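J.: Could you have a look at this structure, given as structure tokens, before my questions?
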Amino acid sequence: MYRTVITCAITGAEVTRKDNPNLPVTPEEIADSAFAAHQAGAAILHLHVREEDGSPTQDLNIFKKTIELVRRKCDMVIEVTTGGAVGMTLEERMQPLQLEPEMASLDCGTMNFGDDCIINTLPMMREAARAMQRLNIRPTLECFDLSHIDGAGQLIKEGLVRPPFHYGFVLNVPGGVRYDAVTLEFFRRRIPADSYWTAMGIGGKANLMAIYSAISLGGFMRVGFEDNVYYSRGVLAESNAQLVERAVRIAGECGCQIASSDDVRQMLQLRS
Ligand code: ZN
């Protein structure tokens, strides 16, 4: 039976306290927010961390501390970012893989990102995929554009990513493909059959719409401050848990069950 999975992207790299004063920043705040999101129904934590001044970092020790704090509270699946933030080297971005999380994001192509750009050449993608394969970490193949699906396909063809596949369709990043239901459905048709996928709509409206689309197309959903800081138009979200609670409620109203972290471990065949 279809169960949807809720990922909570607690903090991200770009959002600041100016955007939403409720943004968790320190390891303690991130762990508390992740735990509350998990209690509300999130099975996966998508994890970025910050320096004390709030700037994004891939520092191994800050990741380690944050993961330890989360682990003291709950056993939710942890997916670390290897996207990091604009301008970071691949070596920097890959640092948290050393902690051998169950999952990690793997950006599948280069693109404009607002006024900047994010660089993911095929050799860089291969290096990240190889590291994840070696450490038995399940990648989320993040696709911000249609060509990224073909980029992911290239990694699969080369045997660098093995099934079950999990895609993340990141829609509505400024510079990437815009969100609409038709585009999401088209992306879904372009990935291998039996793949799992998560819809990630960036911005308040797209995030909410992507939740409904994910449910109607049999996908997973992602919420959290990384993707959206609003609860409704002009109204800031109070917490990540509040956004998870709404996703749970919508899924419930559609008669859709929510997967637990252990369900995710089984579906995505995670190393436990
Ligand atoms: Zn992220």
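J.: Considering (1) buried (at least 18 other Cβ atoms within 10 Å of the Cβ); (2) out of contact with any Pro (no Cβ under 7 Å at 6 or more places or on another chain), say which one Val80 fails and leave the rest.
T.: (2)
J.: A follow-up question, please. Could you list, in sequence order, the residues of the range 100-120 that are surrounded by fewer than 18 Cβ atoms within 10 Å (Cβ to Cβ) and in contact with a Leu (Cβ under 9 Å, 6 or more places away or on another chain)?
T.: Result: Glu100, Ile119.
J.: Taking the condition of being away from the ligand (no atom under 16 Å from the Cβ) and closer than 22 Å to Arg222 by Cβ, how many residues in the range 22-53 meet it?
T.: To start, the set of residues in the range 22-53 that are away from the ligand (no atom under 16 Å from the Cβ) comprises 22, 26-29, 31-32, 35-36, 38-41, 43, 51-53.
Narrowing further to those that are closer than 22 Å to Arg222 by Cβ: 22, 27, 29, 31-32, 35-36, 38-41, 43.
The qualifying residues number 12.
J.: I need the helices (runs of 4 or more DSSP H) fully contained in the range 167-272, keeping only those with at least 1 residues that are over 17 Å from Leu146 (Cβ atoms), open to solvent by less than 60 Å² (accessible area, probe 1.4 Å) and touching a helix residue (DSSP H, G or I) at 6+ places or on another chain (Cβ under 6 Å).
T.: Qualifying helices (runs of 4 or more DSSP H): 204-217, 240-253.
J.: Enumerate the pairs (first residue in the range 161-180 and at positive phi and in contact (Cβ under 8 Å) with a residue 60 or more places away in the chain; second residue anywhere and open to solvent by less than 40 Å² (accessible area, probe 1.4 Å) and assigned to a strand (DSSP E or B)) with beta-carbon separation below 6 Å, excluding pairs fewer than 6 apart on the same chain, so at least 6 apart or on different chains.
T.: Gly175/Met111
J.: Next question. Any idea which residue in the range 94-117 is nearest to the ligand (Cβ to nearest atom), counting only those that are under 18 Å from the mean Cα position of the chain (by Cα) and over 17 Å from Arg134 (Cα atoms)?
T.: First, the residues of the range 94-117 that are under 18 Å from the mean Cα position of the chain (by Cα): 94-97, 99-111, 113.
Now drop any that are not over 17 Å from Arg134 (Cα atoms), which leaves 107-111, 113.
Numbers: Asp107: 9, Cys108: 14, Gly109: 15, Thr110: 17, Met111: 14, Phe113: 12 Å.
It comes out as Asp107.
J.: I'd like to know if the range 82-89 contains one or more residues that are away from the ligand (no atom under 14 Å from the Cβ) and at pLDDT below 95.
T.: For the range 82-89, residues away from the ligand (no atom under 14 Å from the Cβ) and at pLDDT below 95: present.
J.: I'm told Gly12 meets every condition in (1) open to solvent by 40 Å² or more (accessible area, probe 1.4 Å); (2) closer than 22 Å to Ala210 by Cα except one. Can you identify the failing condition by its number?
T.: For Gly12, the failing item is (1).
J.: Go through (1) within 16 Å of the ligand (Cβ to nearest atom); (2) among the hydroxyl-bearing types (Ser, Thr, Tyr); (3) in contact (Cβ under 8 Å) with a residue 40 or more places away in the chain one by one and return the number of the condition Thr4 breaks.
T.: Among (1) within 16 Å of the ligand (Cβ to nearest atom); (2) among the hydroxyl-bearing types (Ser, Thr, Tyr); (3) in contact (Cβ under 8 Å) with a residue 40 or more places away in the chain, Thr4 violates only (1).
The values are calculated or read from the model by the stated rules, or taken from the named source; none is laboratory data. Quick caveat, the model's predicted, so the values are computed rather than measured. Virtual Cβ from ideal backbone geometry, glycine too; neighbours counted across all protein chains shown. Just the protein is used for accessible areas: all its heavy atoms, side chains included, with ligands, DNA and RNA removed. Shrake-Rupley method; radii C 1.70, N 1.55, O 1.52, S 1.80 Å.
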